[in-house]
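Take a look at the structure set out below.
The values are calculated or read from the model by the stated rules, or taken from the named source; none is laboratory data. Bear in mind the structure is a predicted one, so any value in this text is a computation, not a measurement. Every residue, glycine among them, receives a Cβ derived from its backbone with ideal geometry; neighbour counts consider all protein chains shown. With ligands, DNA and RNA removed, areas are computed over all heavy atoms of the protein, side chains included. Shrake-Rupley method; radii C 1.70, N 1.55, O 1.52, S 1.80 Å.
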Amino acid sequence: MKISIGKFDPETRTVPVTFTHEKVRHRRLINAALDADGTYDRKATRELIDAQARGVEYKIERGIIG
């Protein structure tokens with residue numbers, strides 16, 4: 001699974017992410033993780049994205065996402 005993470009959008013509090021697996025490219029916006037003071041938390045967001053990636057990979061392998 002290849003994961004490409006775009007730039008954080010403070011207005012929507014999301015990051016665009018592209019997941020690529022088995023020649024299938026799937027794009028979605030992921031809600032960013034924020035610190036207690038509202039600052040974008042890159043590390044925590046990456047952990048959320050990695051969790052999403054496992055689900056995306058599963059769905060691609062089963063033909064749900066294609």
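Some observations on this one:
- Candidate values [x] 40, 17, 16; [y] 48, 16, 10; [z] 36, 32, 16 were compared with Cα extents along the principal axes in Å computed on the shown model; the agreeing label is [x].
- Zone residues, the stretch 50-66, relative to K23, backbone N less than 20 Å from point 7 Å out along Cα-to-Cβ: 57-66
- Neighbourhood charge, 9 Å Cβ-Cβ cut-off, centred on L34 and excluding it, Lys, Arg +1 and Asp, Glu -1: -2
- Fully extended contour minus Cα-Cα distance, from M1 to R62, at 0.36 nm per residue: 20.5 nm
- Among F19, F8, the sequence by solvent-accessible area, most first, with a 1.4 Å probe is F8, F19.
- Karplus-derived HN-Hα couplings along the stretch 60-66 (A = 6.51, B = -1.76, C = 1.60, θ = phi - 60°), whole Hz, x at Gly and Pro: 5, 4, 9, x, 6, 10, x
- Taking the helices alone, the chain has a mean residue ellipticity at 222 nm of -10500 deg cm²/dmol, built from -39,500 (n - 2.57) per DSSP H run of at least 4 residues and averaged over all its residues.
- Loop-resident sites, the chain, for GluC sites (Glu not before Pro), counting at most 10 other Cβ within 10 Å (DSSP): E11, E22
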